[in-house]
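*Asks:* If you scroll down you'll find the structure; I have some questions about it.
What follows is calculated from the coordinates using simple rules that are stated; it is not laboratory data. Predicted model only: the values in this text are computed from it and were never measured. All Cβ positions, glycine included, derive from the backbone under ideal geometry; neighbour counts span all protein chains shown.
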Amino acid sequence: MIVPVCALLAVLVPLLVGGRLRGFAVLRLRRTEVVSAAFVVQFAAVSVLPGPRVLLVALHVGSYLAAGAFVVVNRRVPGIVVLGLGALSNGLTIALNGGTLPASSAALARAGMLEAETLGAAAGLANSGIVADPRLALLGDVFAVPAGWPLANVFSVGDLLIVLGAGWASLRICGTRWSAPWEGRASGHAKGRHLEGLLARPAQEPAAARPRPPARRVAARRGGVTGWAPPTALTG
């Protein structure tokens with residue numbers, strides 16, 4: 001719970017520095033249905049479905065793969081690469097540890113969660129917990145908000161990157177009193193900015209609609225008759 005709450009607080013940071021959250025109203029993200037499905041699948045695997053464990057692990061890891069695809073197609077959005085690196089750190093560590101992000105016993109103790117973890121009351125697949133012989137243990141939940149503080153819990157390097165990426169994205173997209181909002185937010189990223197520039201150019205008039213140069217008044221050689229002739233008729 002600590003990561004979503006902190007990410008939300010990071011998104012609200014522009015309000016403190018003159019930014020406008022309405023910048024998100026015109027943000028165009030692609031494949032949002034993919035990341036939405038990933039969140040639903042991950043929640044089901046960790047908190048709803050009872051098993052079998054192999055299926056739960058596959059769903060859990062698969063949710064990170066889907067989220068990674070979302071990051072790739074939206075990689076030009078400011079901050080999303082940092083956020084994606086955080087998800088990659090967590091997802092890879094979870095995949096290498098049988099579907100659970102390894103937690104440090106020291107971090108769990110600081111957060112006042114060690115006893116509950118030791119009792120192992122939760123059935124099914126744990127999103128985070130003590131793992132025997134963990135791999136990439138330094139990328140697990142090794143940090144803690146101490147017990148007695150709001151949102152006391154453990155968190156990882158990947159979680160920090162996710163929060164930092166969310167905050168950076170919000171600052172760039174919404175702007176600040178010192179910087180303008182990101183230009184590509186409503187134009188489909190790089191391609192959209194290019195098309196937007198093309199649409200902003202004045203349309204070129206067709207050749208038939210262009211005004212012709214004025215005709216010059218000349219005296220005809222023959223008969224001394226004065227008349228009008230186009231410039232191309234002048235000779236000599």
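*Asks:* When every alpha-carbon pair in region 1-148 is counted, what percent end up more than 21 Å apart? Can you show the working numbers first?
*Replies:* Working: 5663 of 10878 pairs.
The calculated P(r) of region 1-148 puts 52 percent of pairs beyond 21 Å.
*Asks:* So what is the relative contact order for region 45-168, in percent, with contacts set as C-alpha pairs under 8 Å and at least six apart?
*Replies:* Details: 196 pairs, mean separation 39.8, N = 124.
After rounding, I find 32 percent.
*Asks:* If you build the Cα gyration tensor of region 64-114 and take the root of 5 times each eigenvalue, what three semi-axes come out, in whole angstrom, biggest first? Display every interim value, and only then the final one.
*Replies:* Working: eigenvalues 157, 37, 8 Å².
Listed largest to smallest, the semi-axes of region 64-114 are 28, 14, 6 Å.
*Asks:* Here's something else I'd like to know. Calculate, in nm to one decimal, what Thr176 and Glu115 gain on full extension: separation in residues at 0.36 nm each, minus their alpha carbon distance.
*Replies:* Numbers: separation 61, 0.36 × 61 = 21.96 nm, distance 4.47 nm.
Extra length available between Thr176 and Glu115 comes to 17.5 nm.
*Asks:* Still on this structure: So what's Rg/Rh here for region 1-65, counting alpha carbon atoms and using the Kirkwood radius for Rh? If you can, show how the numbers build up before the last one.
*Replies:* On the way: Rg = 16.1 Å, Rh = 14.2 Å.
Radius of gyration relative to Kirkwood radius: 1.13.
*Asks:* Further question on the same structure: Label Val72 and Arg31 with points 7 Å out from Cα along Cα→Cβ: what is the distance between them in nm?
*Replies:* Simple spin-label model gives 0.6 nm for this pair.
*Asks:* Using alpha carbons only, how many angstrom separate the centre of region 23-78 from the centre of region 135-153?
*Replies:* Result: 23 Å between the Cα centres.
*Asks:* Determine the gain in length on full extension of the stretch Glu183-Arg20; use 0.36 nm per residue of separation and subtract their C-alpha separation, reporting nm with one decimal.
*Replies:* Numbers: separation 163, 0.36 × 163 = 58.68 nm, distance 1.40 nm.
Gain in length upon complete extension: 57.3 nm.
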